[in-house]
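Data first, discussion second: the structure below is written as structure tokens.
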Amino acid sequence: MLDGLVISIDAMGGDDAPNIVIKGIEHFLTHEGQGRRARFQLHGDAEALAPLLEAAPRTRERSEVFHTEKTISMDDKPSQALRKGKGSSMWNAIAAVKGGQAGIAVSAGNTGALMAMSKLQLRAKRGVQRPAIAASWPNLSGDMTVVLDVGANVECDAAQLTEFAVLGEAYFRAIYGKQDPVVGLLNVGTEEGKGNTTIKAAHERLAQSQLGLNYIGFVEGNNISSGNVDVVITDGFTGNIALKTAEGTAKLISTFFSEALNDNWWSKFTTALNLMALRKLKKKMDPRRANGGVFLGLNGIVVKSHGGTDAIGYANALNIAMGLAESDFQDAIDERLDALHDEDDNIGFIA
């Protein structure tokens, strides 16, 4: 049996699983100091995992393998995944959280399938219509901005957006330690009257709320990276596009920057002189730092890693998982949700 904090891993989920999964855990245990406190349940094909664990001594020492030959492919639809999913590596990773054998589950597999299985097994918290996926993105202040939803709910009503604000604010407080995070609602402009009917209704609800949220009203896309807002609320369609656009832009700038630094002998010379500063800049621009979306609103913690990430990115998802498992963010969410439901009952809020 595993002692201490246990992280349940879908070892077969992801574009290059289980190879990247094991390399990611090994990187986490090697480079993250808090990783030494973690142990792992690896759900997947024991035969495929054996040679990878042989080459990853830290992971082998801190892991227990739970064999299953069933996997969920990256192109399975959620309905297909639910029909064939029981007993798969993804299903079993979530089941360990439900059963209390692990504190948190991590998967780089099919997002839709992971959300469907998580909802079915863990269930949504009382009053939560649909769980959301929250992602963190570096901003100009040197901190992180949390954006939700980034893919779980293509369409949202005003009540769901209000719930996302509560979930995101409680998550930010617990993970980043800021007691009064700034919350904004993503819109096409900051002026009153901008946006569609749903956005306007959500804004009115949040502006009139007595929940104690530090809500500043409408924000625009550039505010995600500006550092003047901590939590940005939007629907999953818009949020996913914003996140993927930001990732692509970061990679584009990084590529252009590298090409410019190696364009001629003089640029190479100046690059050598400023090597430490450039390494620091590269780290800040690295999209792998933002890998790891958290499913909020469930009776259990699930972290979704990008399916195409590398070992460093996967290790970052594990770092987020570790921080969540050691925080009180579930209690903080419950507290805010109870207050929201009481307020809704008092004013008769209709989405």
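Each value in this text was obtained by applying a stated rule to the coordinates, not by laboratory testing. These numbers were taken from a predicted model, which means no experiment stands behind them. Cβ: placed from backbone, ideal geometry, glycine included. Neighbour counts: every protein chain shown.
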**Study point:** Gained length - Glu204 relative to Ala48, 0.36 nm times residue gap less alpha-carbon distance
**Key:** 50.8 nm
Practice item. Indicate the gyration tensor shape class of segment 1-150 (rounded, prolate or oblate), computed on the Cα atoms with a ≥ b ≥ c the square roots of the eigenvalues: a/c under 1.5 is rounded; otherwise a/b larger than b/c is prolate and the rest oblate. Key: oblate
Exercise for review: Take every Cα pair under 8 Å in segment 1-122 that's 6+ residues apart, average their separations, divide by the length, and report that relative contact order as a whole percent.
Suggested key: 35 percent
Check your understanding: Stretched out fully, how many nm does the piece from Thr245 to Leu140 gain, at 0.36 nm a residue minus the Cα gap?
Key -> 36.1 nm
Point to revise | Estimated FRET transfer efficiency (Lys194, Glu32; beta-carbon r; R0 35 Å; 0.05) | key: 0.25
Practice item. Rounded, prolate or oblate: pick one for segment 126-225, where a ≥ b ≥ c are the square roots of the eigenvalues of its C-alpha gyration tensor, a/c under 1.5 means rounded, and failing that, prolate if a/b is larger than b/c, else oblate. Key: rounded
**Study point:** segment 48-114, Rg to Rh (Cα coordinates; Rh as Kirkwood inverse mean 1/r)
**Key:** 1.00
